[in-house]
Amino acid sequence: MRILFAALALLIGLGAQAHETLRLDAPKPDLAPTPPMGWNSWNKFACNVSEQLIREQADAMAGSGMRDAGYRYIVIDDCWQKSRDADGNIQADPERFPGGIKALADYVHARGLKFGLYSDAGVLTCGGRPGSAGYEFQDARQYARWGVDYLKYDWCATGPRNAEAAYTIMAKALRQSGRDIVLSICEWGTSKPGTWAHPVGHLWRTTGDIRDAWAGPKDWSHGLVDIIDMQADLWKESAPNGWNDPDMLEVGNGGMTTTEYESHFSIWAMLAAPLIAGNDMAKMDAATKRILTNAAVIAVDQDPLGRQARRIWREGSLEIWVRPLQGGDRAVVLFNRGDKPAEMRVSWDQLEWAAHMKADATDLWSGKKTARVAGQIGGTVASHGVLMLRLSPSGL
Ligand code: GLA
């Protein structure tokens with residue numbers, strides 16, 4: 001009996017200890033009431049990062065209209081780090097970042113922008129650089145000293161680590177660092193972060209990597225429509241300060257058509273996705289800039305209600321997505337994945353509106369407005385394109 005009691009006490013003790021390690025002392029800081037907007041080096045530049053590149057991109061964000069459109073974070077992804085010093089402090093690659101990270105963060109801040117870095121919960125990053133496993137508190141303090149505002153935290157070389165526990169340790173470390181730092185969880189959706197990450201991080205990847213192509217897998221990455229399909233059932237898990245992240249934008253990287261990039265950007269806005277540009281902002285063509293800075297589409301993404309769209313209808317290659325917005329408006333995307341243009345419409349019934357209610361409609365890509373529509377609305381949707389509408393109830 002005594003042995004049984006002792007065993008029970010031990011089990012309860014271990015349970016309490018396990019719980020203890022998962023407890024966060026400070027609440028999650030309110031840093032992402034709407035989805036974060038910014039730029040990240042990975043999609044275009046992969047490991048070819050340097051302080052010169054980051055300065056160029058910061059200048060471009062500030063000077064091209066991107067900052068005015070709401071983009072803020074300049075995030076260096078993998079390969080900025082080289083080694084640890086004798087005291088375990090993480091060191092930037094001295095050849096690529098001779099001025100050091102602090103000076104670079106200052107440069108970014110001086111342009112009215114925020115600065116982000118990448119690390120990994122394992123012993124190595126996905127690019128084989130030192131990860132933060134075992135160095136979480138030391139790294140977080142270093143990030144704070146450097147002036148880091150955003151950490152993308154990856155999941156390579158994590159062995160049998162539990163994702164919730166590992167990300168909770170880094171969340172704790174960041175909250176004790178003395179600086180407000182957004183935590184971007186990048187474990188590819190494997191452990192269903194939407195079910196545990198709300199107290200921990202501000203956004204979490206829901207899939208493996210996106211690639212700059214319309215469809216189809218390649219290595220660990222997926223084409224645009226495959227990523228979109230993986231988001232359709234996750235709408236309940238997203239909320240202010242805890243966003244589903246379908247990965248960074250490929251708009252402007254050259255692998256898709258302008259129409260396809262408009263669809264990409266539209267659906268990301270419908271999903272309340274973080275808008276993290278992944279192109280070369282210093283060399284944007286007019287179409288790329290027009291897409292990335294479309295204020296009406298960005299307003300849907302940044303809607304303060306923070307509700308993710310649902311795919312409410314699908315038939316063959318045609319589908320309808322609806323997102324409720326603050327004040328009773330609805331954003332609607334009629335999406336045509338097919339090879340030919342299609343006539344599409346959404347009915348008020350599908351929007352859960354009375355058929356006779358009038359609404360003012362705006363086409364968010366052409367800017368065309370139609371007043372006092374009732375019952376249904378639609379039009380011709382290009383192959384691989386969208387018709388994206390904002391509908392505002394305007395009375396009976
Ligand atoms: C993983 C992530 C990517 C990128 C690379 C860097 O694949 O999912 O977004 O950060 O690692 O190596």
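The values are calculated or read from the model by the stated rules, or taken from the named source; none is laboratory data. These figures come from a predicted structure and were not determined experimentally. Glycine also receives a Cβ, built like all others from the backbone with ideal geometry; neighbour counts cover every protein chain displayed. Ligands, DNA and RNA are stripped out before the accessible areas are found, and what is left, the full protein with its side chains, is counted by its heavy atoms. Shrake-Rupley method; radii C 1.70, N 1.55, O 1.52, S 1.80 Å.
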Condition met for A239 (within 20 Å of S191 (Cα to Cα), open to solvent by less than 50 Å² (accessible area, probe 1.4 Å) and not assigned by TED's automatic domain parsing to the domain that holds R390): yes
Which residues, counting only those in segment 25-56, are away from the ligand (no atom under 16 Å from the Cβ) and surrounded by 24 or more Cβ atoms within 10 Å (Cβ to Cβ)? P35
Do you know which of the residues in segment 57-91 that are more than 14 Å from the ligand (Cβ to nearest atom), part of a strand (DSSP E or B) and not charged (D, E, K, R) is surrounded by the fewest Cβ atoms within 10 Å (Cβ to Cβ)? S83
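Working only within segment 183-222, note down all residues that are of a type in the set (S, T, Y) and surrounded by fewer than 23 Cβ atoms within 10 Å (Cβ to Cβ). Break it down into steps so the answer makes sense when it comes.
Let us first name the residues in segment 183-222 that are of a type in the set (S, T, Y), namely 184, 190-191, 195, 206-207, 221.
Matches in segment 183-222: T190, S191, T195, T207, S221.
For segment 266-287, what are the residues that are free of Cβ contacts under 8 Å to residues at least 24 places away in the same chain and of a type in the set (A, V, I, L, M, F, W, C)?
A286
Residue by residue through segment 180-210, note down the ones that are of a type outside the set (V, I, T) and within 11 Å of the ligand (Cβ to nearest atom).
Residues satisfying the conditions are S184, C186, E187, W188, G189, R205, G208, D209.
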Criterion first (open to solvent by less than 60 Å² (accessible area, probe 1.4 Å) and either at pLDDT below 95 or touching a helix residue (DSSP H, G or I) at 6+ places or on another chain (Cβ under 7 Å) (or both)) does V297 satisfy it? yes
How many residues are hydroxyl-bearing (S, T, Y), surrounded by 15 or more Cβ atoms within 10 Å (Cβ to Cβ) and part of a loop (DSSP other than H, G, I, E, B) when one looks only at segment 338-396? 1
Only listed residue being of a type in the set (K, R), without any contact (Cβ under 8 Å) to a residue 40 or more places away in the chain and not in a helix (DSSP H, G or I), chosen from R290, R314, R307: R314
Can you run down the residue pairs with Cβ atoms below 7 Å, 6 or more apart or on separate chains, where the first is in segment 25-54 and over 25 Å from A269 (Cβ atoms) and the partner is in a strand (DSSP E or B) and open to solvent by less than 10 Å² (accessible area, probe 1.4 Å)? I54/I74
